[in-house]
Every structure is written in structure tokens, then in C-alpha cells.
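Please treat every number below as a calculation from the coordinates, not as lab data. Keep in mind the model is a prediction, meaning the values are calculated, not measured. When we count neighbours, we look across all protein chains shown, and the Cβ atoms used for this are built from the backbone with ideal geometry, even at glycine.
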Amino acid sequence: MAKSTATAGINAFAAATRKPTATTSKKKGNIVIARDIDTYAGVHFPRIQVAEAINSYIEGHNLFEQGKALKDLHRSTIIGVAYTEQAIKWMNQGARPDNPKMYPDPDASSFISVVIQDSVNKLDDNKYAALANLIGPAAAEASTVRRDDFSINPDSLGLTCKFVIDGKTQEATVLEALGMILDHAFAPSPQILQGLFQVNPVFTTKKGLIDEGKTLTGNAQKLAQFLEAGHFVTQLRPGGGKSDE
């Protein structure tokens with residue numbers, strides 16, 4: 001039997017490629033000026049109606065953007081107050097209270113429901129450091145998930161490669177070879193392993209972390225900070241019709 005001349009194998013997981021960040025590019029479009037026109041649907045629109053539709057849509061868009069700017073401007077204040085009030089009540093009653101409703105004054109009929117949800121949230125090193133500083137490194141490590149998820153690059157599955165089974169070199173597609181051997185099959189074709197796997201880093205908080213808030217912090221101030229540091233999904237829902245709750 002011929003002596004194998006295969007070089008040291010490549011670790012397929014170490015050679016995994018990371019998915020690039022998606023990018024977008026603007027496409028130049030043609031310019032259309034409002035005019036009298038019969039559409040493909042057989043509807044006639046005079047120029048003035050087309051111009052009014054364009055202008056009104058732009059106005060609606062601008063009003064929407066102004067509203068979004070107002071919401072963004074005041075969101076941090078509302079959430080900061082809601083987290084503080086929630087933490088105080090949580091500490092006083094012992095169990096996590098219902099999501100709060102915020103009224104501007106006692107007689108107001110309009111309110112904002114602040115919905116704080118238990119959620120799995122993405123972390124980075126800075127966010128993790130803030131959480132660890134608040135609840136301690138051990139608790140932070142126990143409350144988070146950090147791993148790499150691997151997936152097979154489908155573009156590689158149809159490539160032809162050489163692989164070894166029982167000392168015999170064979171040739172087939174990568175998909176067929178994967179069904180028989182992973183560790184040693186690619187020694188004759190190490191280039192196949194370059195980019196075969198794709199790695200997706202996972203770094204998140206664990207589900208259920210929010211319910212550990214009181215235990216992990218011990219006082220209302222830290223508990224409010226915990227609600228922020230945990231990056232729990234928080235929705236603001238304006239409503240009307242004052243509730244007795």
C-alpha cells in the first residue's frame with residue numbers, strides 16, 4: 001500500500017469563516033414629474049392630483065418623522081422613571097410588580113404603558129462589563145450565554161473532494177463525504193476546509209434573568225440599574241381611558 005503523504009489536517013472549526021456584515025447600496029432611479037396620465041389600471045389622474053398626492057405623502061412622512069423625533073427625545077426620561085418606580089415597588093412588595101402605567105397627573109385620561117419583557121438580549125464586551133459590575137462577575141457569567149454557533153457553507157457542499165476511508169482514497173462531493181467522515185476525510189483536500197463552516201458568535205443574556213433582579217441587586221437603586229443593564233425589551237404604548245388598576 002502506498003504510504004500516505006497527507007499533511008497535518010486543518011481544524012474545520014478553526015478555519016470557519018465569519019459572515020460579513022450586510023451592506024446596502026443606493027440605486028439611481030429615473031426622475032418622474034407629475035403630469036396628466038392614464039395608469040396601467042385604466043385610471044386617469046390629472047397632473048394636479050398627482051402633484052397633490054406627492055406633496056401630501058411627503059408632508060405625512062415629515063409629520064411621522066417629527067413624531068418619531070419627539071418619542072426618541074423623551075423615551076429615556078420615561079424609561080428612567082419607570083425603571084426607578086418599578087424597582088422601588090419591587091423591593092417593597094417582594095415580587096416583580098405588573099408593568100406600570102404612567103399618567104402625567106391624577107386626573108389625566110391618557111397614559112403610557114411601559115411593558116418590560118423578560119427577553120434574551122445580545123451583549124457585547126461593554127454591555128457585559130456593565131452587567132458584571134452591577135451584579136458581580138460570577139452572577140453575570142451564570143446569567144449569560146457565550147458560544148460560537150457553526151453552520152455549513154452550502155456553497156461548499158457540491159464541491160468535489162478526495163477523502164480517505166479505511167486507508168483508501170475516494171472522491172465524492174463534500175456532502176457525501178460529510179456523511180461518512182469528518183475528522184480525517186479531508187486530509188487529501190485540505191483546501192475544502194477553508195470556509196466550509198461559518199461561525200456565528202452568540203453572546204446573550206439568559207431567559208428568565210429579569211426575575212432574578214431583586215436577588216442579584218438588593219436595593220432599589222441597583223435594581224433600577226439592573227433593568228437598564230439587562231437590556232430587557234421595553235415597549236412604550238400610549239393609551240387612553242384611565243384604568244382603575
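General remarks:
- Whole-percent P(r), region 110-235, all Cα pairs, 10 Å bins from 0: 11, 30, 15, 14, 17, 10, 2, 0.
- Dimensionless Rg over Rh [region 194-242; C-alpha; Kirkwood]: 1.25
- Pairs exceeding a 21 Å alpha-carbon distance, out of Lys68/Lys89; Lys127/Lys206; Lys101/Lys207: Lys68/Lys89; Lys101/Lys207.
- With neighbours defined as other Cβ atoms within 10 Å of a residue's Cβ, the residues Tyr40, Tyr57 order from fewest to most as Tyr40, Tyr57.
- Cα shape, region 47-200, gyration tensor, a/c 1.5 rule: oblate
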